[in-house]
Amino acid sequence: MPKVNSAALVGLSAELVEIEADVLAGLPSTVIVGLPDAAVQEARERVRFAIKNSGATYPRSRVAINLAPADLPKSGSHYDLPIALAVLLNSGQVAFDSSDMVAVGELALDGAIRPVVGLLSVMMMARERGFRRVIVPVGNAAEAALVDGIEAIGVSSLVQAIGYLQGLVQVVPIRKVEWEKILSEPKEALDFRLVNGQEAVKRALEIAAAGGHNILLSGPPGTGKTLLAKALPSILPRPSVEEVLEVTRIYSIAGLLTGSQSVVTSRPFRSPHHSASAVSLVGGGASPKPGEISLAHRGVLFLDELPEFPRTVLENLRQPLEDGLVTVSRASGTVTFPAQFILVAAQNPCPCGYYGVPNRECTCTPAQIMSYQRKISGPLQDRIDMFMQVVGPEYEKLASAAVGEESSAVRARVQRARDVQSLRFEGLGLVTNSEMGVREIRKHCGLDEEGREFIRRASLKLNLSARGYHRVLKLARTIADLAGSPGIRPKHLAEAVQYRTRSDGN
């Protein structure tokens, strides 16, 4: 019995699914088996009318459709096209070799083929399993062009797909993307030169960008915390081809790729509202989809008004901040999404925002201030590398017509530090200093006698945890990389320790 190959999306991966169709004697009916969800069950009607309106005949008898393996849950509308091809193939209306291909696509009632989500994962799976070609909706052409080593055949209708497979219609394979062109295209971002003053905070953000470190900005309203956070992507290095594929794959699974953005070539910047739920932040659902922290992968996750987020929501950040991954467990199975991002959090010192601010009266009671500051748990704070107090810039700097250093100059320094890290972690699967484990810290963060004495005294004074101690070393390693120093010197440790010290009463 001829089979048509398709794919099931499991997290960010795709698994091969073989679709069989058998036409039996009996009253007209169609049954789909193999753990299909509601969207797959509804394919019966879409396929029936698409075949009829494409000039073919849907069998007037009992049709059994099997999606194998039977124990793998199937969800989504991308099974429409392969189911239609399997029905036509096994009812004898068409003849073609389906063994070397994978097909995905959603059918409209008139036979048109609509784009689907997760195509990048399907293309990668097909290439890994040795298939020669993938039949894809023409609306997914830009996404399909990202994967080398396999043909992508873009079709716009069931009629065109059948004609191509039978050799009656010529369809030129989708042309592969020119990486040099799309990665060199300038991306608009808020430039550092537009932010007057705040040199100390800019320096901290430069270090965070160079090493992938998390940072908390604390200060009264109107001091520029949000503006500085939005400017951070402008100093991040241009993403590599591998990073573009990683991020685009996540956005494809989440269904966030559109015609105007079919490839994510810039660093993500995600800023969920403080009313966001745990599922929207972490990911989940009956068929788990990526949440905000995965959509920020290789970019920036900005949490404004951090204490306003429910504590139960914030505690979900512990695993991704530590491991760069988030695991979502459901009754149907467990999936893991990447979540290697730079966390930029912002908060006021108190509910009214003016606790400890000169010439401004704080209207909060001591109990309110303490309750507000305790909303961020100790374990979560321990996973933040840098704490910066943001104060309002002086009037002279605010009103000055002079512009500060451009993001391009800062980005060049950040890129040089990232290049050092790329050589350091070659073959280890690590990108930035913040991703180092204990083994890498011992190898690359060695100290001389003076440095060991300095960190010993700092650890005792600040009562650093083991995690805090390692984060100081990783931060010092990044500061040394920016300075072009092969080793960590006491001055690098001193600056790193300074960023671990909170001055807002927490």
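All of the numbers you see were taken from the coordinates with simple rules; none came from a lab. All figures in this text were calculated on a predicted structure; none of them were measured in a lab. Note that we place each Cβ from the backbone using ideal geometry, even for glycine, and neighbour counts take in every protein chain shown.
Quick notes on this structure:
- P(r), alpha carbons of segment 281-325 - 5 Å bins starting at zero, rounded %: 5, 19, 29, 27, 16, 3, 0
- Residue order, fewest to most beta carbons within 10 Å, for LEU295, LEU380, LEU35: LEU35, LEU380, LEU295
- For the chain, adding -39500 (n - 2.57) for each run of n ≥ 4 DSSP H residues and dividing by the number of residues yields -10500 deg cm²/dmol at 222 nm.
- Cα-based reach from LYS181 at 20 Å (exclusive), listing aspartates and glutamates while leaving out same-chain residues under 8 positions away: GLU143, ASP148, GLU242, GLU243, GLU246
- Approximating the spin labels as points 7 Å out from Cα along Cα→Cβ, the GLU406-to-GLN319 distance works out to 4.4 nm.
- For a straight C-alpha distance cut-off of 16 angstrom, the lysines reachable from LYS443 (same-chain residues fewer than eight places away being disregarded) are LYS474.
- 3J(HN,Hα) along segment 25-33: 6, x, 5, x, 6, 9, 10, 10, 10 Hz, from the Karplus curve 6.51 cos²θ - 1.76 cosθ + 1.60 with θ = phi - 60°, whole Hz, x for Gly and Pro.
- Note that segment 303-316 has calculated 3J(HN,Hα) couplings of 10, 7, 6, 3, x, 7, 6, x, 4, 5, 6, 5, 5, 5 Hz, one per residue in order, obtained from phi through the Karplus relation 6.51 cos²θ - 1.76 cosθ + 1.60 (θ = phi - 60°); glycine and proline are x.
- Among the trypsin sites (Lys or Arg not before Pro) found in segment 73-142, those both in a DSSP coil and sparsely packed, with 15 or fewer other Cβ atoms within 10 Å of their Cβ, are ARG129, ARG132.
- Which of LEU85, LEU236 has the fewest Cβ neighbours within 10 Å, and the rest in rising order: LEU236, LEU85
- Karplus 3J(HN,Hα) series, Hz, for segment 51-63 with 6.51 cos²θ - 1.76 cosθ + 1.60 (x for Gly, Pro): 5, 4, 7, 9, x, 9, 10, 7, x, 8, 7, 7, 10
- Its residue count N sets the reference 2.2 N^0.38 Å, and the alpha-carbon radius of gyration of the chain equals 1.16 times that reference.
- Within the chain, antiparallel bridges make up roughly 45 percent of the DSSP beta bridges whose residues both belong there.
- Under 5 Å between amide hydrogens, built in the peptide plane, is the criterion, and for ARG62 it picks out LEU24, GLY26, SER29 among residues at least 5 positions away or on other chains.
- Distance between segment 242-315 and segment 430-490 - C-alpha centres, whole angstrom: 30 Å
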